[in-house]
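*Asks:* Please see the structure below; I have some questions.
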Amino acid sequence: MRPIKVRKYLVLVTMCSLIFFAEAKAKIATHKSNGALDEKEDKDDKSRKPVVQINREALTLHKGRVRQLKVEGTDKRIRWSSKNEAVAMVDAEGRVWGVDQGVTTILAKVGKRKRRCQVTVAEKGLGLVNYTVIKGKGGVVNWANVKKKAAKKVKWSSTNPRVAVIKKNGTFTGVSAGVVDMEGKAGKKRYRCRVAVGIPKNAVYLTFDDGPSSDVTPRILDILKRRNIKATFFVVNYSVANEKLIKRIVKEGHTLALHGLSHVYRDIYRSEAAFMKNITRLRKKLFKLTGKDCTIMRFPGGSSNSSSKFNPGVMTRLTSLVQEEGYRYFDWNVSAEDAERYKSKGSVYRNVTSGLRKHRVNVVLCHDFGGNHVTCDALDDVIDYAQNRGYTFRRISKRTELVQHKPIPN
Ligand SMILES: [Zn+2]
């Protein structure tokens, strides 16, 4: 079915382009036959309107094969785009390459005008055009329905060896995080594939809720400073005496984040308006003190809390409302359980270390409210454990992958 359809289509496209060319030529002919106009053209070149056209109205490509498109009749900047990048991609210079079997349109925008080229990608060519590897790991460019001899003729090179390197035979290795295009040459034929290099997500985000407190927060900050680690503090209301701790959190490079002026569930989850007031008042207070506009937040009790059950559906409404208002809320996927009654240095250590997982974002829930010394006591050992196993500590930023509890039961 497929080849017949494509052929029919090509015939149609060819006919259309013939008509288009014929019309264009006819226009030029009428133009030139007029003597008066000819004279004018000599004086002023601008009065002659060249036909702006794309050099190909239709194109059939193998996967990974690169073909050059050009727009003729203009010196203006051309903006190239693909209607479906899963089928074919195009770069700023009009080079098109097939990604996966299918049909799409490549657009060339010249000012407000658009020119189109229909691109059909056949199943032959590169087996895959997009590869994803982890830093330090690699793979080899593979081919689909292509004879080994023909594939061997293609010599590969990397357009940015700092991101990934490739041997002539197509074996590539990720060097640092980023995206790089690999170019293959075989005579006049050009191929392209893309390699995205990711870094392993062995990240640990230590988070401290319900502070600052004059006895625990300084101890935590001291440890983090000595170990050169950045963390995140979800703070509640603080006294004038503790303002210096808020300032220290910012000064030492940690993320200052919102928990809420009040932590009293009955008050804050009474209504959406009450909750938003509680969060914005803290945001304003912190901004006045530090000049930082905090938009990273954590719901008291987490988004999956059962303490708000007295107001059915409030968490469902709030989780979408805060995101609409531009906040990014974080829950956790590891808990120190250090707000529980039966806790010790040993239980905090066990709860955190047994919860850490490789190849993901680990958001660890801890507390720095007054009197909670067990977390500080366990912190150095927790850091040792994680660092010895290749984890890195980071602070939450606007770009951090969200960790949110699902489903929201209320
Ligand atoms: Zn809390």
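Every number in this text was worked out from the coordinates using simple rules, so none of it is lab data. This structure is a prediction, so every number in the text was calculated from the model and none was measured. Here the Cβ positions follow ideal geometry from the backbone for every residue, glycine too, while neighbour counts run over all protein chains shown.
*Asks:* Listed here are the pairs K114/K168; K135/K345; K230/K406; K288/K343; which of them are more than 30 Å apart at the Cα?
*Replies:* Numbers: K114/K168 39 Å; K135/K345 36 Å; K230/K406 27 Å; K288/K343 37 Å.
Check vs 30 Å cut-off fails for K114/K168; K135/K345; K288/K343.
*Asks:* Along the positive direction of the dipole of the chain (beta-carbon charges: Lys, Arg +1; Asp, Glu -1; about the Cα centre), which of N372, S176, V90 reaches farthest?
*Replies:* Toward the positive end, the furthest listed residue is V90.
*Asks:* Additional query: Stretch S306-K230 to full length: gain in nm at 0.36 nm per residue minus the Cα-Cα span?
*Replies:* 24.3 nm is the gain from fully extending S306 to K230.
*Asks:* Counting Lys and Arg as +1 and Asp and Glu as -1, what is the net charge of the other residues whose Cβ lies under 13 Å from the Cβ of S303?
*Replies:* Spelling it out: positives minus negatives among the neighbours equals +3.
*Asks:* What is the dipole size for the stretch 53-126, taken about its Cα centre, with +1 at each Lys and Arg Cβ and -1 at each Asp and Glu Cβ, in debye to the nearest 20?
*Replies:* In total the dipole reaches around 340 debye.
*Asks:* Now for a different question. Using amide H atoms built 1.01 Å from N in the peptide plane, name the residues 5+ places from V236, or on other chains, whose amide H lies under 5 Å from its own.
*Replies:* When sequence neighbours closer than 5 places are left aside, the close amide H contacts are D210, G211.
*Asks:* Now for a different question. For the chain, with only Lys/Arg (+1) and Asp/Glu (-1) charged at the beta-carbon, what is the dipole magnitude about the Cα centre, in debye rounded to 20? If you can, show how the numbers build up before the last one.
*Replies:* Values: 82 positive and 38 negative charges, 469 e Å.
It comes to approximately 2260 debye.
*Asks:* Of L107, A274, N145, which is farthest along the charge dipole of the chain in the positive direction, counting Lys and Arg as +1 and Asp and Glu as -1 at C-beta?
*Replies:* N145
*Asks:* Distance from the Cα centre of the stretch 53-109 to that of the stretch 288-362, in angstrom?
*Replies:* 47
*Asks:* Sticking with this structure for a sec: Would you mind working out the magnitude of the charge dipole of the stretch 93-227 relative to its Cα centre, with +1 at each Lys and Arg C-beta and -1 at each Asp and Glu C-beta, to the nearest 20 Debye?
*Replies:* In total the dipole reaches around 1400 debye.
*Asks:* Picking from Y391, G64, G260, whose Cα lies most toward the positive end of the charge dipole for the chain (charges on Cβ: Lys, Arg +1; Asp, Glu -1)?
*Replies:* Highest projection toward the positive end goes to G64.
*Asks:* As I understand it, the value is the acute angle between the Cα axis of helix 373-388 and the longest principal axis of the Cα atoms of the chain; what does it come to in degrees, rounded to 10?
*Replies:* 40
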